[in-house]
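**Q** Starting off with a structure, shown below.
The values are calculated or read from the model by the stated rules, or taken from the named source; none is laboratory data. Source: prediction; values computed, not measured. Cβ coordinates were reconstructed from backbone atoms using ideal geometry, including for glycine residues, and neighbour counts include every protein chain displayed.
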Amino acid sequence: MLILKPKFDFEISVEAEITPALALATDEEISNYQVYYGKDKAKLSDLFEISREGDDAKLLLDGDFSKVKWIGARMDEGEIVVKGDIGDHCGAYMTGGKIVVEGNALDWIGAEMKGGEIEVNGNVRNYVGCAYWGNMTGMTGGKITVKGNAGNYIGEKMGGGEIEIMGDTGDFVGTEMKDGTIVIHGNCGFVGGDMKGGTIKIKGNFELVPGFRKVEDGFEGDVNAGGKGKVLQL
Amino acid sequence: MIEVEIISGRTLDQGATVEEKLTDEYFKAVNYCELSEEDFNALNLSEGDRVRVKTDFGEVVVYAVKNKDLKKGMAFIPMGPYANMVIDPNTDGTGMPQFKGIKGVVEKTEDKVLTVKELIEVI
Amino acid sequence: MLHIKNGIVIDPKNGIDAEKMDIFVKNGKIVEESEVKGDVKVIDASNKLVVAGGFDMHAHIAGSKINVGREMRPEEMRTVRLVAGKFRASIGRVLLTSPAIGYEYAKMGYTSAFEAAQPPVGALHTHEELDAIPMIDKAALPVFGNWHFVLKYVAEKNWEKLRTFIAWAIERTKGFGVKVVNPGGVEAWMYGGNCKSLDDEVPGFGVTPREIITALIQETENLNLSHSVHLHCNNLGTPGNYETTIESMKLASKFSNDRRQVLHVTHVQFNAYSGSSWRDVGSGAAEIAKYVNSVDNITIDMGQPIFGHATAMTGDAPFQFTLHKLTGARWSNKDSEIEGGAGIVPIGYLPKNPIHALQWAIGLELGLLVDSDKVVLSTDYPNGGPFTEYPYIMAMLMSRKMREKELERVSPYVQKATGLAAIDREKTLFEVIQMTRSLPARVMGLDSKGHLGFGADADIAIYNFDPLTVDVTNDFETVYKVFKTSAYTIKGGEIIAMNGELVKEVWGRTFWVDATSKVEMEAIESDLDEMFSKYYSLERQNYGVEESWIKKPERLVMG
Amino acid sequence: MAEEVNIICTFCGSVCDDVQFDLEKFKGKKFCKLGSSKFSKKERIKAPMIDGKEVSYEEAIEKAAEILVNAKRPLLYGWASTVNEAIRLGVLLTEKVRGVYDQCASVCHAPGTLALIEEGVPGGSLGEIKNRADMVVFWGSNPMEAHPRHPVRYSVRAKGLLIKDRKDRKVVVVDVRKTKSANMADLFIQIKPGYDYPVLSALRAIIKGEEDAVPEEVGGVKKEQLKELAEMMKSAKYGAVLYGLGVTQSRGRDRNVENAIKLIQLLNRYTRWIIWPMRGHYNVVGAGEVPAWEAGYTYAIDFSRGYPRFSPGEFSANEILQRGDCDAALIIASDPAAHFPKVSVKHLKKIPVIQIDPFPNMTTLLSDVVIPSAVAGLEAEGTAYRMDGIPFRVKKIVDTEYWSDEKILELMLEKVNELQR
């Protein structure tokens, strides 16, 4: 297990595209691993205290990582545990493995992910499991679980997999969703909107946008997209 | 105290003075809050009175103005530094703060309206 | 001064086919050996191919269309080609930023590219973007076929006014020639319609595409402009449209010009379909080729699709809407004052998609079946795909073996709907150089481009490739690779790229054509005032582009 | 004899180019209130300043270059009220210092850009609205206050090819409050704040013939009224939706615009419709177009890796400032201190700020380096794009000692190059 601790409070954001695979690299490779700190390229060891415990493919991020972006992006196996908050794009494009965030996460967590598992104990912001600008499909596989609340655009353009939010969420849950499942335990804002397929289950209050018809177990739509998406009461 | 939904936006006077922000004309163009007749009366206001506008994101003291075209529960503050004390700064990932449609409360106050220069000091 | 030594030169215009010779350069021009003395840089071109710089005569590289394309497709902009340093940052997959356009052409040995559709009222925007493209020479073709002045003068059969208007408009837009896009059809689109045949009447004007095209050819020839009418035919992208295309070509039959064609029909692949629906659609390329080869006053360019990403962007607004309905993809549209319109739709060409494979095959059929002094190589960038894949087209035209290999991976529909598989013809290297250099220069009427004779612009490409030893039909992979990046690209006598790396940033010229001395502007003065005050949303005095606003303008006066 | 010249107004996105300006009286004919205030004499920033002390242009620019070069991640923001020539230098400068380029649209019409990414934009020029539009819908826009001459020149009362009279055109205003513009409308539809999105979805469903999926009331509007509007839209020959900040700055933002675009796409299957934003500043379009051709994106562009990347949720000025994610800022031709939310201004107060502007404003009060500039359209020329993208060359009609934005940025870029060498 590789343990990273921020050496100081980052003045501006850091971009560190690291995955558990880094834990398998040599000390020198790890220390020299290139990250971005504003316009300056930095070595991982410039910004983080690095230590190891054992040699499994696991990362432990100990401290405030809320200004650190792209952690776990494209990871395919292994595990990342974040002891604090995490920045944007955590677990984007990931295909396998597991990320546990004990604090909060910012935007784009699990964006376009294809497999694996993400758990956030705190809150997340926007674009959970979404498609990046201009792309047609958001997450297609895997599972994202959030114990706290979430922001807007949860599972937009989702093509598969599962998102579960234990708290409340904002607007545009499952907008343009094609497949997969979103489960919201709390309340949320606008739901649906050009939904083509997939299922949204909600326990609390929500505002279904026009374009859905009442069916036996809930609602089906959006008629505007010729969709057969399901919105159900949990 | 009444509950309102706050809208900020362009006005002709705000636009005409926007390149003279440190003048009295600009100050006058942006330092007020329009309320519906009903709300205005409910707060027992008369022209020239001040109100404190409060939201989850801040508060500001401005002059109260009656607008017959506004529906009850709506408040309008011209875009600018006063409105920006109370609007919702969150962009929800879009980059755009929410300048319109913020829930807040309005109450009558005797406090003075800060000048533009004073306002920037307190931020 | 440069001395390019021992190169193997192919220079179709001057009849040179793979001869070992030296080329000398002074003051940006190709000169005789005797003129080059003193401090001369010698480039050893032994066993290397030396040709004129490539000339892309039809591409959408500047102006509101490509820019809206960039804006609506951020996914296109995530390909990083160059990190900022000595040169500008350069990005883009198929849609490229302006710096990237110049850099990628230069790396490939291309030194000129012309914007094929300039919305007249947006002319200044087009020029701003042309000015942002480094490395190459440029020009833009303003669009005429739906402009109310044109429709009005054609309806009135007032040829003097039409001629005068053409001269006025080209001067105001600092344009290069007369582009015509779906004549009449875009005006019909303002009412939700289109002109699918040459005899469909244009709403509000009582004229037909047939009359518009004929009149524009007539007056372009009367002005004897550098370039002929440049036509994007009616009925683009529709099964059976090859007949409309041939019919349109026949409208040129009564005109001739000693210097060049009188009608250039562009991206013909999109206008070369037989059949009556998408179910029985086939290739009309053979018929079109037969017609073009039988006359000497028409040239075409291919509009070759490249498998992969592309973005359809044309002044053919009704077609773009049809495409949007067909694919469900994003759609931008721009109705533009009383001048016409445009549309943009993202598209991808998939080898296994029968229609896409058909389009791919038709482009190649045209390239193979049409004589090499009549067909220019193009993708109609970015409609058919990236210009950076021109080497793929070059290699395919020269190698049947490569085509056979490619045919294996495309939809079998191609076998029954086109004649591609049966075409034995392999274009020679000489012909492919002709199709990418001397012919486009001739089509555009630019004597100083596309060849290596004395007095020509010193725009030269040198490739790591010995035409005397490489077998282009079998070594198609080498051919493809070699043409992707030049060993040297020389622009105006300066080395700007070497082996795929940029060496120096230079700024090319923007050509524009001035024919105003051939007309009396008085003829249309009052019409201009009236139309501007009634139908434009801007003042006539604020319309158009002044030469001083352009970085390096070059005015070509039509005598 | 007083000299009259034609000028092109550089206040709002309407870019009226029919104004005759009397140089002696310093007054223009045909101006609206906004235009005449723009072209009136008012207080200027007197001289370049560093920390409040007057200095030469060269000194101020050198200091600015130092700040930018020393910053880890500078924000270069504004651009909407200057000309393309300056904006282009600004993009090059941002690339050089590997900073973040953002422009006023990010608090204005940038959600429209996001909608463009999702669906494209079926639009048209203002002349086409004038010539053909027999129905115009102002949705969350208030031209009477924001673009006073728009209704006369282009939209409501403009006459053209097919529209000969105001009666030939139906005008609808959709808004959350009864604005001044609502008074000129044939139909005013008042919706609940934040409910543009569902109202648009409902209209689409009705037009598509699926009205059974629409509840009896949507966003405070009765279904009957929505049906009436849908029918009007469907039977128009050429309609235009002109949307404003009421849509982009409220709940739903870009998704509101996206939904409106989908409505227009649908309507084009029956008749002709276009949609266009009522852009605010005279060259806010240029502030997006120039970076698009130079760097691929219109706003929220980060160059920290030496190549441009776009992400509005990370690189827009307000996100950058609220996250404390920049350590210096250059503000040109805009006033974020007046127009950004409090928390964003707070960070701006903490970092070194360079301002380039003709007029003192709230940002001046917190700037470390202040560089006064010439007013484009009056004292400096250059290219600007009207709200519909039509380019104009705005004019210089009076001489000035003030440097143009272009000249200031040219020297700043030069200084940055020197410092980086």
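**Q** Spot the failing condition for C:ILE288; the list is (1) touching a Ser or Thr at 6+ places or on another chain (Cβ under 9 Å); (2) surrounded by fewer than 24 Cβ atoms within 10 Å (Cβ to Cβ), and only one is missed.
**A** So the condition that C:ILE288 fails would be (2).
**Q** Could you name every one of the strands (runs of 3 or more DSSP E) located completely within segment A:1-46 that has at least 1 residues being touching a Leu at 6+ places or on another chain (Cβ under 9 Å) and surrounded by 18 or more Cβ atoms within 10 Å (Cβ to Cβ)?
**A** On the way: elements: A:2-6, A:34-37, A:40-43.
Strands (runs of 3 or more DSSP E) meeting the threshold: A:2-6, A:34-37.
**Q** Can you confirm whether C:GLU477 is acidic (Asp, Glu), assigned to a helix (DSSP H, G or I) and surrounded by 19 or more Cβ atoms within 10 Å (Cβ to Cβ)?
**A** no
**Q** For segment B:23-123, give me every one of the helices (runs of 4 or more DSSP H) that falls completely inside it and has 3 or more residues that are crowded, with 24+ Cβ neighbours inside 10 Å and aliphatic (A, V, I, L, M).
**A** Working: elements: B:24-30, B:37-42, B:116-122.
The helices (runs of 4 or more DSSP H) meeting that bar number zero.
**Q** When you scan segment C:355-391, how many residues do you find that are assigned to a helix (DSSP H, G or I), touching a Pro at 6+ places or on another chain (Cβ under 8 Å) and more than 20 Å from C:PHE476 (Cα to Cα)? Steps first, please.
**A** Restricting attention to segment C:355-391, the residues satisfying the condition of being assigned to a helix (DSSP H, G or I) are C:355-369, C:387-391.
Next, only the ones that are touching a Pro at 6+ places or on another chain (Cβ under 8 Å) stay: C:356-357, C:359-360, C:363.
Okay, now just the ones that are also more than 20 Å from C:PHE476 (Cα to Cα), so C:356-357, C:359.
So the count comes out to 3.
Here's the yes/no breakdown for (1) among the β-branched types (Val, Ile, Thr); (2) closer than 27 Å to D:ASP212 by Cα; (3) not in a loop (DSSP other than H, G, I, E, B):
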position: A:THR169; (1), (2), (3): yes, no, no
position: A:ILE182; (1), (2), (3): yes, yes, yes
position: A:ARG213; (1), (2), (3): no, yes, yes
position: A:ASN224; (1), (2), (3): no, yes, yes
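**Q** How many residues, within segment C:18-38, are on the phi > 0 side of the Ramachandran plot and exposed (fewer than 13 other Cβ atoms within 10 Å of the Cβ)?
**A** Let us first name the residues in segment C:18-38 that are on the phi > 0 side of the Ramachandran plot, namely C:18, C:27-28, C:38.
Those still in the list that are exposed (fewer than 13 other Cβ atoms within 10 Å of the Cβ) too: C:27, C:38.
Residues meeting the conditions: 2.
**Q** Here is a further query. Looking at the structure I just gave you, is D:LYS41 more than 14 Å from chain A (Cβ to nearest Cβ), more than 20 Å from the chain's Cα centre (by Cα) and either closer than 28 Å to C:PHE532 by Cβ or at pLDDT below 95 (or both)? First the steps, then the outcome.
**A** Numbers: more than 14 Å from chain A (Cβ to nearest Cβ): yes; more than 20 Å from the chain's Cα centre (by Cα): yes; either closer than 28 Å to C:PHE532 by Cβ or at pLDDT below 95 (or both): yes.
Criteria met by D:LYS41.
Let's see how each residue does on (1) crowded, with 17+ Cβ neighbours inside 10 Å; (2) within 22 Å of A:MET113 (Cα to Cα); (3) among the β-branched types (Val, Ile, Thr):
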{"site": "A:GLY129", "(1), (2), (3)": "yes, yes, no"}
{"site": "A:THR140", "(1), (2), (3)": "yes, yes, yes"}
{"site": "A:THR169", "(1), (2), (3)": "yes, yes, yes"}
{"site": "A:VAL173", "(1), (2), (3)": "yes, yes, yes"}
{"site": "A:ILE182", "(1), (2), (3)": "yes, yes, yes"}
{"site": "A:MET195", "(1), (2), (3)": "yes, yes, no"}
{"site": "A:THR199", "(1), (2), (3)": "yes, yes, yes"}
{"site": "A:ASN205", "(1), (2), (3)": "no, no, no"}
{"site": "A:GLY227", "(1), (2), (3)": "yes, no, no"}
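**Q** List the number of the failed condition for B:ILE7; all other conditions in (1) part of a loop (DSSP other than H, G, I, E, B); (2) touching a strand residue (DSSP E or B) at 6+ places or on another chain (Cβ under 9 Å); (3) not polar (S, T, N, Q) hold.
**A** Every condition holds for B:ILE7 apart from (1).
**Q** Can you pull out the residues in segment D:139-159 that are surrounded by 20 or more Cβ atoms within 10 Å (Cβ to Cβ) and over 29 Å from D:ARG253 (Cβ atoms)?
**A** D:ALA158
**Q** Across segment D:297-339, what is the number of residues that are free of Cβ contacts under 8 Å to residues at least 40 places away in the same chain and away from chain B (no Cβ under 11 Å)? Steps first, please.
**A** Step one: filter segment D:297-339 for residues free of Cβ contacts under 8 Å to residues at least 40 places away in the same chain, giving D:297, D:307, D:309-311, D:313-314, D:319, D:322-324, D:335, D:337-338.
Retained after the next criterion (residues that are away from chain B (no Cβ under 11 Å)): D:297, D:307, D:309, D:324.
So the answer is 4.
**Q** Can you name the number of the only condition in (1) in a helix (DSSP H, G or I); (2) touching a Phe, Trp or Tyr at 6+ places or on another chain (Cβ under 6 Å) that C:PRO239 fails?
**A** So the condition that C:PRO239 fails would be (1).
**Q** Counting only residues that are more than 14 Å from chain B (Cβ to nearest Cβ) and in a loop (DSSP other than H, G, I, E, B), which one in segment D:160-195 is surrounded by the most Cβ atoms within 10 Å (Cβ to Cβ)?
**A** My answer is D:ARG169.
**Q** Let me ask something else. So which helices (runs of 4 or more DSSP H) stay within segment D:206-296 end to end and still have 2 or more residues that are touching a residue at least 12 places away in the same chain (Cβ under 8 Å) and within 14 Å of chain C (Cβ to nearest Cβ)?
**A** Numbers: elements: D:223-235, D:245-248, D:253-267, D:286-295.
Answer list for segment D:206-296: D:223-235, D:253-267, D:286-295.
**Q** Tell me, yes or no, whether segment B:89-100 has at least one residue that is in contact with a Ser or Thr (Cβ under 9 Å, 6 or more places away or on another chain), within 26 Å of A:PHE172 (Cβ to Cβ) and β-branched (Val, Ile, Thr).
**A** yes
**Q** Pull up segment D:374-421, narrow it to residues that are assigned to a helix (DSSP H, G or I) and either within 12 Å of another protein chain (Cβ to nearest Cβ) or of a type in the set (Phe, Trp, Tyr) (or both), then point me to the one that is nearest to D:VAL121 (Cα to Cα). I'd like the intermediate steps shown before the answer.
**A** So in segment D:374-421, the residues assigned to a helix (DSSP H, G or I) come out as D:405-420.
Narrowing further to those that are either within 12 Å of another protein chain (Cβ to nearest Cβ) or of a type in the set (Phe, Trp, Tyr) (or both): D:417, D:420.
Numbers: D:ASN417: 39, D:GLN420: 41 Å.
Taking the candidates together, the pick is D:ASN417.
**Q** Need at least 3 residues that are not β-branched (Val, Ile, Thr) per element, so show me which strands (runs of 3 or more DSSP E) inside segment C:483-559 make the cut, counting only ones lying wholly within it.
**A** Values: elements: C:488-491, C:494-498, C:510-514, C:553-557.
Answer list for segment C:483-559: C:494-498, C:510-514, C:553-557.
**Q** Find the residue count for segment C:504-551, including only residues that are in contact (Cβ under 8 Å) with a residue 60 or more places away in the chain and within 30 Å of C:TYR488 (Cβ to Cβ).
**A** 10
**Q** Residues that are within 14 Å of chain A (Cβ to nearest Cβ): which helices (runs of 4 or more DSSP H) entirely in segment D:65-134 hold 3 or more of them?
**A** Working: elements: D:84-97, D:110-119, D:126-132.
Helices (runs of 4 or more DSSP H) meeting the threshold: D:84-97, D:110-119.
**Q** Now for a separate question. More than 10 Å from chain B (Cβ to nearest Cβ) and in contact (Cβ under 8 Å) with a residue 40 or more places away in the chain - does that describe any residue in segment D:344-355?
**A** Yes, because at least one residue in segment D:344-355 is more than 10 Å from chain B (Cβ to nearest Cβ) and in contact (Cβ under 8 Å) with a residue 40 or more places away in the chain.
**Q** Would you mind finding the one in A:GLY197, A:GLY155, A:GLY161 that is in a loop (DSSP other than H, G, I, E, B), under 30 Å from C:ARG73 (Cβ atoms) and either touching a Lys or Arg at 6+ places or on another chain (Cβ under 7 Å) or of a type in the set (Ser, Thr, Tyr) (or both)?
**A** Details: A:GLY155 fails: either touching a Lys or Arg at 6+ places or on another chain (Cβ under 7 Å) or of a type in the set (Ser, Thr, Tyr) (or both); A:GLY161 fails: in a loop (DSSP other than H, G, I, E, B).
Only one candidate passes the filter, namely A:GLY197.
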